[in-house]
Amino acid sequence: IQTFTLNGVIAMGMETQTGSNEVGKHADFIVLDRNLFTISVDEISEARVELTMFNDRVVYLRAD
């Protein structure tokens, strides 16, 4: 998971702007319908995005 999150930010040289939950950084994150750390690897592809935040704004909200 870190490969697809923080490592990408570091590779782009943007770790002072985004990539972790800290005051002064952009809110760029997704909320999933399950915790990827508590499910089997086989279930990860079934996870659904509930919300996407980018540059401190909601850009996607799943409608049921």
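Per 0.36 nm of contour for each residue apart, how much would the distance between residue 61 and residue 12 grow if the chain were fully extended, relative to their Cα-Cα spacing?
Numbers: separation 49, 0.36 × 49 = 17.64 nm, distance 2.68 nm.
Between residue 61 and residue 12, full extension yields 15.0 nm more.
For the chain, carbon and sulfur atoms together expose 57% of the accessible surface, with a 1.4 angstrom probe and every protein chain in place. Here the spin labels are modelled as points 7 Å beyond Cα on the Cα-Cβ line, and at residue 54 and residue 37 they lie 2.6 nm apart. Residues in the chain average 81 Å² of solvent-accessible surface per residue, probe 1.4 Å, ligands and nucleic acids excluded.
Placing 48, 34, 62 in order of accessible area, with the largest value first and a 1.4 Å probe, yields 48, 34, 62. Please work out, to two decimal places, the log10 of the ratio I(q)/I(0) at q = 0.15, 0.24 Å⁻¹ from a Debye calculation in which every Cα of the chain carries one identical scatterer. The calculated log intensity ratios at q = 0.15, 0.24 Å⁻¹ are -0.56, -1.10.
Kindly provide the helix-only [θ] at 222 nm of the chain, computed as the sum of -39,500 (n - 2.57) over DSSP H runs of four or more divided by all residues, to the nearest 500 deg cm²/dmol?
Values: 1 runs with 6 residues, N = 64.
The helix contribution divided over the chain gives -2000 deg cm²/dmol.
The values are calculated or read from the model by the stated rules, or taken from the named source; none is laboratory data. Predicted, not measured: the structure shown is a model, and the values here were computed from it. Glycine gets a Cβ as well: all are built from the backbone with ideal geometry, and neighbour counts include every protein chain shown. The area values use the complete protein model at the heavy-atom level, side chains included, leaving out ligands, DNA and RNA. Shrake-Rupley method; radii C 1.70, N 1.55, O 1.52, S 1.80 Å.
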